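Here's the structure we're looking at; comments come further down.
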Amino acid sequence: MFYDDLEKALEKQYHVQLDIVKPKDKAQLNKLINDYVKKHLVIRADGKILALDYVGYEIQEDGAWCYFEAKGIDRVKKVNVHDDLLYEQHPEQINMLHITINNQRKSTKVDNPDADASFNF
């Protein structure tokens, strides 16, 4: 997502002033990103909610890449995603979703207010 959009969303939700590119307190920023994403992104594998572990983020050009991982997953036949990141700030928000399982990649998009997508493997 664009880092300025993420920055504005975090500032609005948590009532703080932030600089994602040059944070004064990176530990606090990591905590806020982790919390925000987990509130707005839920992934289910075969009906089971995945526990997402925050790895970190990086800035590339004007984007903020936030990394999460889920461990202990064997085979997956169906993935359901609920993604309403940035929907509160942008009524026309469109989120792209890419899921790769066993080298098979599937993609779709969700348009605000729709936030749910399913993938069958």
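Looking for whichever is within 19 Å of PHE121 (Cα to Cα), among the polar types (S, T, N, Q) and touching a Lys or Arg at 6+ places or on another chain (Cβ under 9 Å) here; the options are THR100, THR108. Which one fits?
On the way: THR108 fails: touching a Lys or Arg at 6+ places or on another chain (Cβ under 9 Å).
On inspection, the qualifying residue turns out to be THR100.
Considering only residues that are at pLDDT 95 or above, outside any strand (DSSP E or B) and either surrounded by 12 or more Cβ atoms within 10 Å (Cβ to Cβ) or aromatic (Phe, Trp, Tyr) (or both), which ones fall in region 93-121?
Of everything in region 93-121, those that are at pLDDT 95 or above, outside any strand (DSSP E or B) and either surrounded by 12 or more Cβ atoms within 10 Å (Cβ to Cβ) or aromatic (Phe, Trp, Tyr) (or both) turn out to be GLN93, ASN112, ASP114, ALA115.
Starting from region 105-121, keep only residues that are aliphatic (A, V, I, L, M), then list their pairs with residues that are modelled with pLDDT of 95 or more and part of a loop (DSSP other than H, G, I, E, B) whose Cβ atoms are within a distance under 7 Å, requiring at least 6 positions of separation or different chains.
Correct list of pairs: ALA115/ASP84; ALA115/TYR87.
Those residues that are surrounded by 12 or more Cβ atoms within 10 Å (Cβ to Cβ), of a type in the set (D, E, K, R) and within 25 Å of ASN120 (Cα to Cα), I need them from region 29-52; list them, please.
Hits for region 29-52 are LYS38, ARG44, ASP46.
Residue under question is VAL55, and the condition is that it be β-branched (Val, Ile, Thr), surrounded by fewer than 18 Cβ atoms within 10 Å (Cβ to Cβ) and more than 30 Å from PHE121 (Cβ to Cβ); does it hold? Give the derivation first.
Values: β-branched (Val, Ile, Thr): yes; surrounded by fewer than 18 Cβ atoms within 10 Å (Cβ to Cβ): yes; more than 30 Å from PHE121 (Cβ to Cβ): no.
The answer is no for VAL55.
The values are calculated or read from the model by the stated rules, or taken from the named source; none is laboratory data. Since this is a predicted model, take the numbers as computed values, not measurements. Heads up, the Cβs are rebuilt from the backbone with ideal geometry, glycines too, and the neighbour counts pull from every protein chain shown.
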